[in-house]
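As C-alpha cells, the structure follows; a few thoughts come after it.
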Amino acid sequence: MIRRISSGIIIAGLLLACGAVAAAGTQSYRRDDFWCLRTAGQLVVERRDPYDERTWAATAAAPVTLPNGGVAPSACTGAAFAYPMWTALAMVPFGLLPPNASAILWIAVSVGAVASGAT
C-alpha cells in the first residue's frame, strides 16, 4: 500500500515537472483554447456570467499582451463562451489558480490523461 502511494506521488511530481517544463518561458497558452476555458472557470469563481457578451469581450476576447510586449488577438472569438456551463464549472479549479500555475497543472493533467489512456 505504501509503495502504491509513493509511486503515485512520484508520478504526480513527474507530471507537474513536465507541465512546468512545457509552460516555462512561454505564454502561448494565452493564445490557445485553454485560455478561453480557464477564463470561463475564473468568471464562474467571480460569480460573473461567461455567456454575457460584455463580460466575455472584456475578459477572454480581449487582445492578449505577449511577454515581449506585443499584442495578439485572443483565441476566444465569438460573442460569449462557446461551451456548455458544465465545462466552465469543470474549469473552476484552474480559474482559482494564477494563470501560469493553472497552465502547468493543465499540461500535467493532459499528459497524465494521455499516459493513463495509453496503458
For the chain, size of Cβ-based charge dipole, Lys and Arg +1, Asp and Glu -1, in debye = 340 debye
Just name one of L14, W35, G95: the one whose Cα is farthest towards the positive end of the charge dipole of the chain (beta-carbon charges, Lys/Arg +1, Asp/Glu -1).
-> L14
Pairwise label distance in nanometres, A12 with A118, each label 7 Å out on the Cα-Cβ vector | 2.2 nm
Spin-label model distance (nm) - V71 vs W86, 7 Å beyond Cα toward Cβ | 3.9 nm
Given the peptides 98-109, 82-93, arrange them by the average over their residues of other C-beta atoms within 10 Å, most packed first.
-> 98-109, 82-93
Which distance in nm do the two modelled labels at D52 and A101 give, with both placed 7 Å along the Cα-to-Cβ direction?
-> 2.6 nm
Would you be so kind as to identify all helices of the chain, as entire DSSP H runs, whose Cα atoms reach 24 Å or more along the helix's own axis and whose mean Kyte-Doolittle hydropathy is at least -0.5?
-> 2-23, 99-118
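Bear in mind these aren't lab numbers, they're just calculated from the coordinates by the rules spelled out. Bear in mind the structure is a predicted one, so any value in this text is a computation, not a measurement. Cβ sites come from the backbone with ideal geometry, for glycine too, and all protein chains shown count toward neighbours.
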